[in-house]
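Working notes for the structure below.
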Amino acid sequence: MIIGQGLAGSLLADLLLKRGKQIMVYDEGHLGSSTANAAGIINPVTGRRFVKSWMFDQLIEVALAQYQALQMSLGVHLIRERNIVRSLPDRKAMNDWLMKSQWPDYAPYVVEEPGLEELQEFLDMQGLWSEVTGGYQIDLPVLIKAMRKRLLEMKVLREEHFKTELMHQKEGSVYYTDLQAKHVIFCEGFKMATNPLFESSVFLNPSKGENFLLKIPGQSMEKMIKRKFFLVPLQDDIYWFGAKDGWHFEDGSPSSEAYELLKRHALKLIKVPFEILEHRAAIRPTIKDRRPVIGKHRAFPNVYLFNGLGTKGSSLGPYWARRLIQHIEEGSSLGHEVDLCRFANQ
Ligand SMILES: Cc1cc2nc3c(=O)[nH]c(=O)nc-3n(C[C@H](O)[C@H](O)[C@H](O)COP(=O)(O)OP(=O)(O)OC[C@H]3O[C@@H](n4cnc5c(N)ncnc54)[C@H](O)[C@@H]3O)c2cc1C
């Protein structure tokens, strides 16, 4: 059984079906799903200091392979190769970037002369800019929608809330209503916070992300732009703009504070008229040490967790889904950096 059909649950379902496993997925309609709001950016070099993303070379190879296979099997377009044009705050940042661009590990991602021409027509491109290549945008909302349709057709998805307290275990099996399963994998995103089996307050540090869907009539671009927030082309003249992150929040709904901030920055960046089509919010399953949290429950050997994809689900998800399946099937180690058991009492 897989509980949750966001990105984590969808990737596992795909891999398990390919291995000929019998599965049943529970999902309560992508309610509050982080995946449904995500821009799906894969950025090889991130942060103020231009650090190469953790395990990037291993992750990207596995990620592209699974997304390519999913494109074919689901008949949808998921992967777009996109450069990232990023604003630099000052000369020092520019020098840091130029220095890093000489390092062998970074050189493949550097565009020496950022290409700003197509952007200047409708964006304010004053100041210093860098351009990173080797980035991707994965259409995560389309992926989980198409996967849901496929799972429903196969009659292996139940659109309902899974009540963990009704589950019980006996003689190496897990029982839930009319089902008996060998294993259950919880992929509940931030809703793990209410799962009574895990003391997630020890490691979960959820972050709220708010974004706009914008319509910029008559404009198109292939690149993703970052100046405080990301501007990412989705389709035709529709763009994703965000995200305003929050670590202290009362609920998962869009806030007026984020609306004003995003609007102010959108007006600064976009020189032509645009329309705010939607203001959205969702809560990411972020972990205190910024690593995924995966593995077997300390007390219940048939119960697993696949969570903590945080801000980088599109690159982390496929690799760690595969590693979890190898762990369950072959007993291979997950490694202390991601294993659930790194946290006390888990
Ligand atoms: C605004 C925003 C922007 C983002 N941008 C990016 C980005 O550019 N790049 C990137 O890599 N990542 C990004 N992310 C992060 C990304 O969304 C996550 O890393 C990833 O999608 C998390 O997937 P998940 O399956 O763990 O969780 P979710 O997508 O939240 O899925 C959990 C699912 O489980 C269901 N569920 C939970 N509990 C139960 C239950 N008991 N019974 C039934 N169903 C249940 C929920 O309804 C939901 O459908 C962004 C996130 C946000 C919010």
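Please verify whether V232 is touching a Gly at 6+ places or on another chain (Cβ under 9 Å), outside any helix (DSSP H, G or I) and over 16 Å from N37 (Cβ atoms), treating the condition exactly as stated.
no
Among what's in the range 36-53 and is away from the ligand (no atom under 14 Å from the Cβ) and hydrophobic (A, V, I, L, M, F, W, C), pick the residue that is modelled with the lowest pLDDT.
Among those that are away from the ligand (no atom under 14 Å from the Cβ) and hydrophobic (A, V, I, L, M, F, W, C), it is F50.
Where residues in the range 146-161 are touching a helix residue (DSSP H, G or I) at 6+ places or on another chain (Cβ under 7 Å) and hydrophobic (A, V, I, L, M, F, W, C), which of them is surrounded by the fewest Cβ atoms within 10 Å (Cβ to Cβ)?
Out of the qualifying residues, it is A146.
Name the one entry in F230, F190 that is aromatic (F, W, Y) and assigned by TED's automatic domain parsing to the domain that holds H248.
Result of the check over F230, F190: F230.
Does any residue of the range 54-67 turn out to be within 8 Å of the ligand (Cβ to nearest atom) and within 20 Å of R284 (Cα to Cα)?
Within the range 54-67 (the criterion being within 8 Å of the ligand (Cβ to nearest atom) and within 20 Å of R284 (Cα to Cα)), the answer is no, since none of the residues qualifies.
Check the range 162-175 and report whether any residue there is within 13 Å of L305 (Cβ to Cβ), within 10 Å of the ligand (Cβ to nearest atom) and surrounded by 14 or more Cβ atoms within 10 Å (Cβ to Cβ).
yes
What are the residues in the range 175-216 that are within 22 Å of the chain's Cα centre (by Cα) and either within 30 Å of D237 (Cα to Cα) or among the basic types (K, R) (or both), if any?
Correct list: K191, S207, K208, G209, E210, N211, F212, L213, L214.
Restrict the check to the range 214-224 and report whether at least one residue is exposed (fewer than 15 other Cβ atoms within 10 Å of the Cβ), farther than 30 Å from E337 by Cβ, modelled with pLDDT of 95 or more and aliphatic (A, V, I, L, M).
no
Among the residues of the range 19-35, how many are without any contact (Cβ under 8 Å) to a residue 12 or more places away in the chain and within 14 Å of the ligand (Cβ to nearest atom)?
1
Sort out which residues of the range 138-168 are farther than 26 Å from K223 by Cβ and in a helix (DSSP H, G or I), and write them in order of number.
Answer for the range 138-168, where residues must be farther than 26 Å from K223 by Cβ and in a helix (DSSP H, G or I): M147, R148, K149, R150, L151, L152, E153, T164, E165, L166.
The values are calculated or read from the model by the stated rules, or taken from the named source; none is laboratory data. Just so you know, these numbers come straight off a predicted model, no measurement behind them. Backbone-built Cβ (ideal geometry, glycine too); neighbour counts: all protein chains shown.
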